[in-house]
Amino acid sequence: MYYAIAAVVIVLIILLALSVRIVMQYEMGVLFRLGRIIGTRRPGLQFIIPVVERLRRVSLRIVTLPIESQGIITRDNVSVGISAVAYFRVVDAVKSVVAIENVQAAINQIAQTTLRKIVGQHTLDETLAETDVINADLRKILDTTTLEWGVEVTLVELKDIQLPDAMKRAMAKQAEAEREKRAKIIAAEGEALAAAALGQASDTMMAHPLALQLRNLQTLIELGVDKNTTVVFPAPLMSTIMELGEFLSRESAAAAAAGPSDAGRPASEAGSAGISPPPAVVRQAGKEPVRHR
């Protein structure tokens, strides 16, 4: 009698252990009874009928799915290797169990084919520059398909784009040429601004002759800061030439005004009349002395 009671207790304990199920907070339980779905079970302690019922737990957490690198030919016939990563989560536990056998493998395969299709519609420059557009297109196409499986794709990102070595060298040359072009344009713009500023400065100095002398003195002060023993400073050549020209013009006018009446006078009388003879030698800046007779 005692053996029968002990056997019954043992059987009840085994059945109780088989009927107890624990559903985690991040899971949803799908309950089958004799092969048919009768509902879902929320997180917590759940009891089932052993042998008759079966509880299938489905994770509702976001799953990270890496998409392996694959060779893709872009629209401009450039072969590139692109890898990506997708994030998805189950939103309908029943569909994810009934509609498809292996959700993760199915999403991996359709993500690869969709990635090849989307990238093949873009050129290489668009693929490198418009990754956000490609990611949005991938997510939109994947969502259309996976929602029928009870799965939502939350994010798709291109992870790596591998280019051929020849293409890398060509792009490096293109980038270098672009930088040189920008440098030359900037240098030309600087020269133009400097020329305009110099023109304005020259106009100011022509209107105010003393400004040039003040600038020369300022330059001498700046050179004196370095404690130089010898300073070579250019003389105002243009002003010297202009003064020389004015002097010669005055002498020529005075000689013409004297006329033939003074031709027979000696040089002393001509000097007493207020006409001084021109200097015998006139030195010009940077030239040999010029003698006037």
Net charge of Cβ neighbours under 15 Å - reference Leu142; Lys, Arg +1; Asp, Glu -1: 0
Counting Lys and Arg as +1 and Asp and Glu as -1, what is the net charge of the other residues whose Cβ lies under 15 Å from the Cβ of Leu155? 0
If amide H atoms are built 1.01 Å from N in the plane of the peptide, which residues on other chains or at least 5 residues away come under 5 Å of the amide H of Leu155? Tyr87
Hypothetical label at Leu147: residues of region 89-121 whose amide nitrogen lies under 16 Å (7 Å Cα-Cβ projection): 89-93, 95-96
All-pairs alpha carbon distance profile, region 130-225, 5 Å steps from 0, percent: 2, 10, 8, 8, 8, 8, 7, 6, 6, 6, 5, 6, 6, 5, 3, 3, 2, 1
Mind listing the phi-derived Karplus ³J(HN,Hα) values for region 162-170, rounded to whole Hz, using 6.51, -1.76 and 1.60 with θ = phi - 60°, and x for any glycine or proline? 9, 9, x, 4, 4, 5, 4, 5, 5
Derived scalar couplings ³J(HN,Hα) [region 3-10; Karplus, 6.51 cos²θ - 1.76 cosθ + 1.60; whole Hz; x for Gly, Pro]: 5, 5, 5, 5, 5, 5, 5, 5
Tell me whether region 149-200 comes out rounded, prolate or oblate; compute the Cα gyration tensor, take square roots of the eigenvalues as a ≥ b ≥ c, and use a/c under 1.5 as the rounded threshold. oblate
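According to the square roots a ≥ b ≥ c of the eigenvalues of the Cα gyration tensor, what is the shape class of region 25-109, taking rounded for a/c under 1.5, prolate for a/b larger than b/c otherwise, and oblate for the remainder?
Prolate shape, in that a/c is at least 1.5 and a/b is the bigger ratio.
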Among 200-213, 59-72, how do they line up from the highest to the lowest mean number of other beta-carbon atoms within 10 Å? 59-72, 200-213
Everything considered on the Cα gyration tensor (a ≥ b ≥ c; rounded for a/c under 1.5, else prolate if a/b is larger than b/c, else oblate), region 35-176 must be described as prolate
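Each value in this text was obtained by applying a stated rule to the coordinates, not by laboratory testing. Predicted model, so just to flag it, every value in this text is computed and none were measured. Cβ atoms come from the backbone with ideal geometry, glycine included; neighbour counts cover every protein chain shown.
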